[in-house]
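Visitor: Please see the structure below; I have some questions.
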Amino acid sequence: MNMVAVATSDYIGALLLIAMLVSSRIRRADDEHPEVRLFSVITILTLIACIVDYLTFYVDGKPGILMKLINMFGNTYCFIANPVFIASWCIYVDLRLYHSRSRIRKYYRFAMIPAEIMVIIAILNNFIPLIYYIDQQNVYHRLPLSYVYYLVDAGYLILSVFIIKGFERRYGKVRFFPMYLMVLPVVLGCAFQATFYGVSLIWVSLAVGLTSMYMALQNEFSYLDRLTGMYNRAYFDYQLDAAIKDPGSKIGAIMIDVDYFKQINDTYGHSTGDEALIDVARVIRLSKPDKVVATRFAGDEFILLAKNTSDREMNAIIDSIRDEVNMFNETENRQYKLSLSLGYAIYEPGKDTVDDFLKRMDDNMYEEKNQKHAKR
C-alpha cells in the first residue's frame, strides 16, 4: 500500500469536511430543519472516518497490542459508518424533498434493514471473521463477504435516485439538488477501492460528494427569504428572465398584497406582523399548483410565476388562494384575520417589457385593493 497516497486522500477529505462544517456553523445553529442537522451528522461521521481510515492503514502490520486494537476497532468503525452513512443519505434526500417525518417513520423501518444487518455483521466480525481478519502480524485481510457492503451502497444510491425521480414525477423538477454531484464521486470511489486492494478512496469520495452538494445548496440559500422560507425577488427575476427566453412558454403571474398589514404591525407589533407574513406564505404554498414558483417579492408582496399557463388557470389559482385564506381565518385562532388582494397578468411577447408586465399585475392587484378600501 502507498501510505502517502492514503494520507493524501484522507487529508483532502478531512480538510474539505472541516471547511464545510466551519462555514455552515452559523446556519446550523439557527436552522431547526431535521435534514440540516442530519446533513451535519453525516458530515461529522465521514470526517471521523477519514481520520480513522488513515490510522488503520498506518498501524497495519505494526507490532503491539495497542496497534492491533486500533486496527481492529478502526476497521470496525469504518464498516459500521459505511452503511450508516449511505442509509442516512437516503433519509436526508427524503427529508430534503418531502419534509415529512411521518413518511420517514413509515417507509424507513424497512429500508434501514440492510444497513442494520451490515452494522451487526461489522460488530460480529470482532468475534467471527466474516468480512475481514487481522492476522498475527497485525495485517488486515479482506474477505469475500466484504463486497456485499459495496452492493448495499449501490442499492441505497439507487434508492436515493428513485426518491428524487418519484418526487419529480409528482411535483416537477427538483431545483438546486444535482444528485449526480453526490452519486458520481461515490460510485467511482467504491469501484476503484473494490477493484484495487489497498487503495483508500471511499471516504474522500464521500467527502467530495458532500462538499459538492453543499456548494450547490448554497445557491438555494442565496435565493431564499429567511423569514418565510419562500424564494426571494432575486430568484423571481432569474426565473422570469429564463421563462421569457423560452419562446414556446406562455407566462402568467399573480401579485399578492397583504391587506391592512400596517394596521397589524401598529396594533400587535412587528413580531405579529412577521407571523402574519409566515401565515401568508403557508396559505400560498397550500393553495398553489406544484409547478408554480412562489416568491416573496418585497415587504408584504408576493408573486406566483407560472409557465405554460392560461387565464383560466390564473383565475383558478386565485380562487384556490381565497378558499385557503377563508379556511385559515375559520380554523386558526390568530389575533388578526388575513386578507389578500390579488391581480394577475399574462406576459405578451413582443409587446411587454418586464416593467410593463409587473405594472399590469400591480395595477390589477390595486384595483381589488382599492375596492376593499372603498367599502370600509
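The values are calculated or read from the model by the stated rules, or taken from the named source; none is laboratory data. On a predicted model such as this, the values are computed, not experimentally measured, just so you know. Neighbour counts are summed over all protein chains in view; Cβ atoms, including those assigned to glycine, are modelled from backbone coordinates with ideal geometry. Only protein heavy atoms, including side chains, enter the accessible area calculation; ligands, DNA and RNA are left aside. Shrake-Rupley method; radii C 1.70, N 1.55, O 1.52, S 1.80 Å.
Visitor: Check Val152, Val174 and return the single one that is surrounded by fewer than 17 Cβ atoms within 10 Å (Cβ to Cβ), in contact (Cβ under 8 Å) with a residue 40 or more places away in the chain and among the aliphatic types (A, V, I, L, M). I'd like the intermediate steps shown before the answer.
Guide: Details: Val152 fails: surrounded by fewer than 17 Cβ atoms within 10 Å (Cβ to Cβ).
Exactly one of Val152, Val174 is surrounded by fewer than 17 Cβ atoms within 10 Å (Cβ to Cβ), in contact (Cβ under 8 Å) with a residue 40 or more places away in the chain and among the aliphatic types (A, V, I, L, M), namely Val174.
Visitor: Here is a follow-up. Give the residue that is nearest to the chain's Cα centre (by Cα), with candidates limited to residues of region 295-304 that are open to solvent by 10 Å² or more (accessible area, probe 1.4 Å) and not acidic (Asp, Glu).
Guide: Our first condition is that a residue be open to solvent by 10 Å² or more (accessible area, probe 1.4 Å); within region 295-304, this holds for 296-301.
Subsequent filtering for residues that are not acidic (Asp, Glu) retains 296-299.
Values: Arg296: 20, Phe297: 23, Ala298: 25, Gly299: 26 Å.
The qualifying residue nearest to the chain's Cα centre (by Cα) is Arg296.
Visitor: Against the condition open to solvent by 50 Å² or more (accessible area, probe 1.4 Å), among the acidic types (Asp, Glu), on the phi < 0 side of the Ramachandran plot and without any contact (Cβ under 8 Å) to a residue 40 or more places away in the chain, how does Glu368 come out, does it pass? Break it down into steps so the answer makes sense when it comes.
Guide: Details: open to solvent by 50 Å² or more (accessible area, probe 1.4 Å): no; among the acidic types (Asp, Glu): yes; on the phi < 0 side of the Ramachandran plot: yes; without any contact (Cβ under 8 Å) to a residue 40 or more places away in the chain: yes.
Judged against the criteria, Glu368 is not a match.
Visitor: Okay, moving on. Out of curiosity, is Ala49 touching a helix residue (DSSP H, G or I) at 6+ places or on another chain (Cβ under 9 Å), open to solvent by less than 40 Å² (accessible area, probe 1.4 Å) and at pLDDT 90 or above?
Guide: Working: touching a helix residue (DSSP H, G or I) at 6+ places or on another chain (Cβ under 9 Å): yes; open to solvent by less than 40 Å² (accessible area, probe 1.4 Å): yes; at pLDDT 90 or above: yes.
It is true that Ala49 is touching a helix residue (DSSP H, G or I) at 6+ places or on another chain (Cβ under 9 Å), open to solvent by less than 40 Å² (accessible area, probe 1.4 Å) and at pLDDT 90 or above.
Visitor: If you don't mind, another one. Name the pairs whose Cβ atoms lie under 9 Å apart, with the first residue in region 1-13 and open to solvent by less than 50 Å² (accessible area, probe 1.4 Å), the second in a loop (DSSP other than H, G, I, E, B) and at pLDDT below 90, and 6 or more positions between them or separate chains?
Guide: Every condition considered, the pairs that remain are Val6/Gly198; Val6/Val199; Val6/Ser200; Ser9/Val199; Ser9/Ser200; Ser9/Leu201; Asp10/Ser200.
Visitor: Of these, Gly64, Gly74, which one is open to solvent by less than 60 Å² (accessible area, probe 1.4 Å), modelled with pLDDT under 95 and farther than 30 Å from Gly229 by Cα?
Guide: Gly64
Visitor: Among the residues that make up region 87-100, is at least one of them over 19 Å from Arg142 (Cβ atoms), exposed (fewer than 15 other Cβ atoms within 10 Å of the Cβ) and of a type in the set (S, T, N, Q)? Give the derivation first.
Guide: Within region 87-100, the first condition is being over 19 Å from Arg142 (Cβ atoms), and the residues that meet it are 87-100.
From what is left, the residues that are exposed (fewer than 15 other Cβ atoms within 10 Å of the Cβ) are 99-100.
After this cut, where a residue has to be of a type in the set (S, T, N, Q) as well, the list is 100.
Checked region 87-100: at least one residue is over 19 Å from Arg142 (Cβ atoms), exposed (fewer than 15 other Cβ atoms within 10 Å of the Cβ) and of a type in the set (S, T, N, Q).
Visitor: Among the residues of region 186-211, what is the count of those that are open to solvent by 30 Å² or more (accessible area, probe 1.4 Å) and part of a helix (DSSP H, G or I)? Please lay out each step first, then the result.
Guide: Residues of region 186-211 that are open to solvent by 30 Å² or more (accessible area, probe 1.4 Å), as a first pass: 187-188, 191-193, 195-197, 199, 201, 208.
Still in the running and part of a helix (DSSP H, G or I): 187-188, 191-193, 195, 208.
Looking only at that region, the number is 7.
Visitor: Now for a different question. Between Ile164, Ile158, which is open to solvent by 50 Å² or more (accessible area, probe 1.4 Å), closer than 26 Å to Ile113 by Cβ, out of contact with any Cys (no Cβ under 9 Å at 6 or more places or on another chain) and not in a loop (DSSP other than H, G, I, E, B)? So that I can check it myself, show each step before the final result.
Guide: On the way: Ile164 fails: open to solvent by 50 Å² or more (accessible area, probe 1.4 Å).
Sole residue among the options that is open to solvent by 50 Å² or more (accessible area, probe 1.4 Å), closer than 26 Å to Ile113 by Cβ, out of contact with any Cys (no Cβ under 9 Å at 6 or more places or on another chain) and not in a loop (DSSP other than H, G, I, E, B): Ile158.
Each row is one residue, and each column tells you yes or no for (1) touching a Pro at 6+ places or on another chain (Cβ under 9 Å); (2) without any contact (Cβ under 8 Å) to a residue 24 or more places away in the chain; (3) not small (Gly, Ala, Ser).
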| site | (1), (2), (3) |
| --- | --- |
| Leu277 | no, no, yes |
| Ser287 | no, no, no |
| Leu305 | no, no, yes |
| Gly343 | no, no, no |
| Asp363 | no, yes, yes |
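Quick grid of which residues meet (1) modelled with pLDDT of 95 or more; (2) more than 13 Å from the chain's Cα centre (by Cα); (3) among the charged types (D, E, K, R); (4) at positive phi:
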position: Leu95; (1), (2), (3), (4): no, no, no, no
position: Ile120; (1), (2), (3), (4): yes, yes, no, no
position: Leu130; (1), (2), (3), (4): yes, yes, no, no
position: Tyr140; (1), (2), (3), (4): no, yes, no, no
position: Val161; (1), (2), (3), (4): no, yes, no, no
position: Arg169; (1), (2), (3), (4): no, yes, yes, no
position: Phe176; (1), (2), (3), (4): no, no, no, yes
